[in-house]
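Written out below as structure tokens is the structure these notes cover.
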Amino acid sequence: GTHKWTVSNLINLYQCSVQSKRLTSASSRNLGRPPPTAPLSVRLFQARVYDWSSETQGVILSAIFYGYLLTQIPGGYLAGLLGGKLVAGAGLLVSSALTLLTPLASDLGAAYLVGLRVAQGMAQGVIIPAQFTLWAKWAPPLERSRLVNFSSAGISFGIFLTLIVGGVISHSLGWPSIFYIFGGVGCVCCLLWFSLVYKDPQSHPFIGASEKEFITSSLTQQGSSHGRTVPISAMLTSLPLWAISVAFFSNYWLYITLLTSLPMYMKTVLHFNIREGGFLSSLPYIASWFSGSLVGLLADLLLSKNICSLITLRKLFSALGKTMLIPSAFLVAVSYMDSNYITAVVLLTLSLVIRSLSGAGCLINHMDIAPRFAGFLQGVTSTFGTISGVITPSAVGFFTSQDASAGWRKVFFLSAAINLFGLIFYVIFGKVEIQDWARVELELR
């Protein structure tokens, strides 16, 4: 049906907008003034440059993750209570407004900018849990993988777009322009979001009767949203939920290592000039966007043709993708390539491409075991992932402080080991059946 794909396309655009704002500070860091001999037109666009230490810059860049950590679980709960459309739209609107205010906060001082970045992280933290609350209402089981994966692929495209466009904007118009442009785009996305997205098929005024019936009838077993009641104690003792959480932690560990530290690795070990080869450094992410858009089609095809069961598909795709047996092997190989940056980038690209298989694995497993609580559980498991994102930069700094080449080898080996543990735990304890604590009858007890 067309309206399911309208939601998917808008979430893809939405995720692209959010991810671009998350990375704008990284794109604009370490920019110097143009020389006095530069043309007047260039010097007029030059904005203020701040004399911040590398430690201060690190705090500014990581501040968004601390904010993100605070609101994912509350965001998932509120999305189940108020609807995914309202919560996700509010998160994007606040994040976009704060992006527009970033240059002003920078002028006021580093402390103001850190506070703004924490607030921006809090606004963005509600977004993915709210997205899953929407999909629990819109995605039929046999179309779930393709719809969710296509919409989530906007994250990778947002990274690609920021890496390609961010530096060009900074050097042409001055670094504040990055924030004004991406913040403005986010506001436009908000208008589209509130105009075209509806919280469920029943509230959509233009959806066809046959499409509405098809969606609602396919989701009858999962029940309505959880309302105010959430069985926290039962969730804490649920091994299938712990399996998803551990898999998220292991996956985010490696993904955030690549996202935040790949430029440093390319510069210090591969001796690769990122500024002169922006496309090559962004290649892993555009490839990930493309593969992420296709993997859902493959998963749904396997299910619709009864080629494999749902539990087999979730664990197989998790083994190959999210918990990264093959990507981890590629990263170990990369750690021994101290100068062959083209081969290293190819292997890093393959790592992210194969990782996209995770989109049909444990990434959407919440919607199998507890569809009524999909947004809340996405917030819980994403919080586990974000914790690894807080730890990872310190671990990278510790290992690479003395010998960069040997240190990065340890970083990649550690990432491979953590992902192997996550795989084993998920394969043993992962389930796809709706859990007893997630059934509608629990509310009536």
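The values are calculated or read from the model by the stated rules, or taken from the named source; none is laboratory data. As the structure is a prediction and not an experimental result, all values here were calculated from the model. A quick note on method: Cβ atoms are made from the backbone with ideal geometry, for glycine too, and the neighbour counts reach across all protein chains shown.
What the table below lists for this structure:
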| read-out | value |
| --- | --- |
| Residue that is modelled with the highest pLDDT, among those in region 286-329 that are aromatic (Phe, Trp, Tyr) and either in contact with a helix residue (DSSP H, G or I) (Cβ under 6 Å, 6 or more places away or on another chain) or under 16 Å from Met367 (Cβ atoms) (or both) | Phe317 |
| Qualifying position, being within 30 Å of Tyr198 (Cβ to Cβ) and in the same structural domain as Gly67 (by TED's automatic domain parsing), among Phe132, Phe179 | Phe132 |
| Among the candidates Thr383, Thr400, residue that is of a type outside the set (Phe, Trp, Tyr), under 26 Å from Leu236 (Cα atoms) and either out of contact with any Ser or Thr (no Cβ under 7 Å at 6 or more places or on another chain) or not assigned by TED's automatic domain parsing to the domain that holds Phe65 (or both) | Thr383 |
| Only listed residue being at pLDDT below 80, aliphatic (A, V, I, L, M), assigned by TED's automatic domain parsing to the domain that holds Ile178 and touching a Ser or Thr at 6+ places or on another chain (Cβ under 6 Å), chosen from Leu44, Leu113, Leu31, Leu69 | Leu31 |
| Test: Gly385 is touching a residue at least 24 places away in the same chain (Cβ under 8 Å) and crowded, with 24+ Cβ neighbours inside 10 Å | no |
| Ile428 being touching a residue at least 12 places away in the same chain (Cβ under 8 Å), surrounded by fewer than 19 Cβ atoms within 10 Å (Cβ to Cβ) and part of a helix (DSSP H, G or I) | yes |
| Positions within region 91-103 being under 22 Å from Gly76 (Cα atoms) and surrounded by 20 or more Cβ atoms within 10 Å (Cβ to Cβ), in sequence order | Gly91, Leu92, Ser95, Ser96, Leu98 |
| Unique match (being assigned to a helix (DSSP H, G or I) and either closer than 30 Å to Ile311 by Cα or out of contact with any Phe, Trp or Tyr (no Cβ under 8 Å at 6 or more places or on another chain) (or both)) among Leu61, Leu100, Leu92, Leu163 | Leu61 |
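Yes/no matrix, rows are residues, columns are (1) buried (at least 20 other Cβ atoms within 10 Å of the Cβ); (2) within 29 Å of Met367 (Cβ to Cβ); (3) not hydrophobic (A, V, I, L, M, F, W, C):
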position	(1), (2), (3)
Phe132	yes, yes, no
Ala136	yes, yes, no
Val148	yes, yes, no
Cys189	yes, yes, no
Leu196	no, yes, no
Phe206	no, yes, no
Glu213	no, yes, yes
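Residue-by-condition table, conditions (1) assigned to a helix (DSSP H, G or I); (2) farther than 19 Å from Gly76 by Cα; (3) touching a residue at least 40 places away in the same chain (Cβ under 8 Å); (4) of a type in the set (A, V, I, L, M):
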site: Lys137; (1), (2), (3), (4): yes, no, yes, no
site: Glu143; (1), (2), (3), (4): yes, yes, yes, no
site: Ile159; (1), (2), (3), (4): yes, yes, yes, yes
site: Gly167; (1), (2), (3), (4): yes, yes, yes, no
site: Ser172; (1), (2), (3), (4): yes, yes, yes, no
site: Ile178; (1), (2), (3), (4): yes, yes, yes, yes
site: Gly186; (1), (2), (3), (4): yes, yes, yes, no
site: Ser195; (1), (2), (3), (4): yes, yes, no, no
site: Lys199; (1), (2), (3), (4): no, no, yes, no
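Conditions (1) at pLDDT below 90; (2) touching a strand residue (DSSP E or B) at 6+ places or on another chain (Cβ under 7 Å); (3) over 30 Å from Ser53 (Cβ atoms); (4) polar (S, T, N, Q), marked per residue:
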position	(1), (2), (3), (4)
Ala90	no, no, yes, no
Leu101	no, no, no, no
Lys137	yes, no, yes, no
Leu147	yes, no, yes, no
Phe150	yes, no, yes, no
